[in-house]
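The values are calculated or read from the model by the stated rules, or taken from the named source; none is laboratory data. Because the structure is predicted, anything quoted here is derived from the model rather than measured. Please note: Cβ atoms are built from the backbone with ideal geometry, for glycine as well, and neighbour counts cover all protein chains shown. Just the protein is used for accessible areas: all its heavy atoms, side chains included, with ligands, DNA and RNA removed. Shrake-Rupley method; radii C 1.70, N 1.55, O 1.52, S 1.80 Å.
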Amino acid sequence: MKVNVLNCEKIKNRYQVTINPHVFYIDGKGGQLGDRGKIGQADVIEVNENYVFTNQNLEPGEYSYSIDMTRREDIAQQHTAQHTFSAVAFNDYDFNTVGFRMADEYTTVDLDSNTITDETIEQIEKKVNDIINQGIDIKIYTVNHDEAFSIEGLRKPIKEKITGDVRFVEIPHIDIGACAGFHVNNTREMRLFKIINHEKIKGNFTRFYFLAGNRALNDYSYKHMLTRELCHTFSCTENNILDMVDKMNSSKLEAENSLKHLAIEYSSLLAKDVINNALSIKNYKLVIYSGNKLVGDNLHKLIADDNFVVVTSNELNHAITSKTINCKELIGYISQKKDIKGGGNQIRGNFKGNITSEEIEKYIIEYINTL
């Protein structure tokens, strides 16, 4: 199979290629993914209506090309699953599909209701899988414009802007609609349909995330592996995983609470020491603590003297507290000397950057001496 490269232009880190004929399916057309493949040795990484984009330069001339048919098979499985899902939602529950988007990870369908129950969702999923298992042959055919607009029973009306012949995809007794995308030949080729998530969007709609075909089977294999690993980690059976996770979370919360209490107690002891050893600068006293965040968060609350400037640091994160020096202006001064970012108000501010305690001390001394 050959294609002619008419023009190739580098745009940023890829190449925009004009080819004839335009044999690759367009990304986003009909809501589905586009083709991928090769032209010569160059990978096709995106397809739009007028160009393909490749990862390598292609001189004008004739090239062999190939299309990733495994990808097409995947797209066909997802797209036919979308038709089937939308048909069941419409035929049996009177839900209209108002949005459809296919991505490399999953497909989404938006239905025009935000009150769909979990029971209904389970029923829809089961009905879609029942249709898959029936092994229904799918009909794909093209009719002229006038005949297309005379066809009855369409789930979704044909757009008025459509001109010329119209291609239809029909799952007999289930669904019929105009569509230019890829589809399987028989529903059994979809293999499996699984809703993996759903959420309310835009106030009145529900968005469904689903997988079909090999995607769904691969997802099952991956989650089975995760389940097996969790069973090994917790030394439990599958039925006890959630109980073990709850137990672990409870233990974690208990440990965090104990750590908070210890941090408060340590802060109380530490406050006395840092107050006694504070650095005097004019009428101010400077305390700089670098260490545990929980200790630092409590330490500044325990130093009530108005003349104290308290700095607490934890790795790249720093905080300044003072009742008499404008912390926002102080941080602004430090940012002129060192590459930090932050802000705050008069009595407390936060900043982030790679700065040592010695540098912080130096800049605060300089600032106080300007007052």
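Can you tell me which residue is most open to solvent (accessible area, probe 1.4 Å) among those in the range 20-51 that are without any contact (Cβ under 8 Å) to a residue 40 or more places away in the chain and among the hydrophobic types (A, V, I, L, M, F, W, C)? Within the range 20-51, the match that is most open to solvent (accessible area, probe 1.4 Å) is 45.
Could you check the range 13-36 and list, in sequence order, the residues that are outside any strand (DSSP E or B), under 25 Å from the mean Cα position of the chain (by Cα) and either of a type in the set (Ser, Thr, Tyr) or more than 14 Å from residue 182 (Cβ to Cβ) (or both)? Selection gives 13 alone. The residue that is most open to solvent (accessible area, probe 1.4 Å), among those in the range 157-200 that are farther than 30 Å from residue 114 by Cβ and outside any loop (DSSP other than H, G, I, E, B), is 188. Selection over the range 201-220 of residues that are closer than 30 Å to residue 244 by Cβ and open to solvent by 70 Å² or more (accessible area, probe 1.4 Å) gives a count of 2. Within the range 105-126, being in contact with a helix residue (DSSP H, G or I) (Cβ under 8 Å, 6 or more places away or on another chain), surrounded by 17 or more Cβ atoms within 10 Å (Cβ to Cβ) and not in a loop (DSSP other than H, G, I, E, B) holds for 107, 109, 111, 124. Taking the range 249-264 as the range and being open to solvent by 100 Å² or more (accessible area, probe 1.4 Å) and under 30 Å from the mean Cα position of the chain (by Cα) as the test, only 252 passes. The number of residues in the range 93-104 being under 12 Å from residue 211 (Cα atoms) and either among the polar types (S, T, N, Q) or surrounded by 14 or more Cβ atoms within 10 Å (Cβ to Cβ) (or both) comes to 1. The one condition from (1) surrounded by 16 or more Cβ atoms within 10 Å (Cβ to Cβ); (2) over 34 Å from the mean Cα position of the chain (by Cα); (3) in contact (Cβ under 8 Å) with a residue 40 or more places away in the chain that residue 290 does not meet is (1). Here is a check on your reading of the model: is residue 90 modelled with pLDDT under 95, of a type outside the set (A, V, I, L, M) and open to solvent by 30 Å² or more (accessible area, probe 1.4 Å)? For residue 90, the condition - modelled with pLDDT under 95, of a type outside the set (A, V, I, L, M) and open to solvent by 30 Å² or more (accessible area, probe 1.4 Å) - is not met.
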